[in-house]
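The block underneath contains the structure these notes are about, expressed in structure tokens.
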Amino acid sequence: MKKVYWLSLFGLLLFGSLRVFGAQISTDYDHSINFSQYKTYSWLKVQAGDSLWEDRIKQDIDAQLAAKGWTRVDTNGSATIAAFQSTHDQQTLDTFYDGFGGGWRWRGFGDSMATTTTEITKVGTLVVDIFDAQTQKLIWRGKQSDALSSNPEKNAEKLAKDIGSLFKHFPQSH
């Protein structure tokens, strides 16, 4: 019985931690807009921690929009794009119990010990906004958050993959 409990507890903790480490992606757009009217775009602004990340973000978004048939122009695109990247530390508390003792007691379980550890995970968030250039109205927003590694190359690969996933939800031209 104890073995089944521990396996269940381990599975629950593992399942819960997978959500923390997987990319979280959300998109929204103006459903009344006909996206076929947009063929060109210009960059309004890219804000990231440094110019290396700004260039990577632009490059990855440019590749996704090119695959959708959009063309980047320096000025006067039919749409404008702004992208903002930020990082923050996410704290996770994990509590493990070493046993349950002899059974239920007045105030809970019997002779058991609990150990709580704190894990800090650096999380990167990217928000991409696309505006109609004439009306300056927001027409599409994508947001992705993912845990970062200490390896910049892995983070760059993860960025490209996550931006690809973000643009899977981009509206089709009618």
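Being farther than 26 Å from residue 76 by Cβ and in a helix (DSSP H, G or I) is the filter here, so list the residues in the range 19-48 that pass it.
19, 20, 21
Which of the numbered conditions does residue 173 fail, given that it passes all the others? Conditions: (1) at pLDDT below 90; (2) in contact with a Gly (Cβ under 8 Å, 6 or more places away or on another chain); (3) under 21 Å from residue 55 (Cβ atoms).
(3)
Counting just the residues of the range 22-56 that are modelled with pLDDT under 90 and within 23 Å of residue 172 (Cβ to Cβ), which one comes out farthest from the chain's Cα centre (by Cα)?
So, considering only residues that are modelled with pLDDT under 90 and within 23 Å of residue 172 (Cβ to Cβ), the one farthest from the chain's Cα centre (by Cα) is 26.
The values are calculated or read from the model by the stated rules, or taken from the named source; none is laboratory data. Since the model is a prediction, treat every value here as computed from it, not as a measurement. Reconstructed Cβ throughout: ideal geometry from the backbone, glycine too, with neighbour counts over all protein chains shown.
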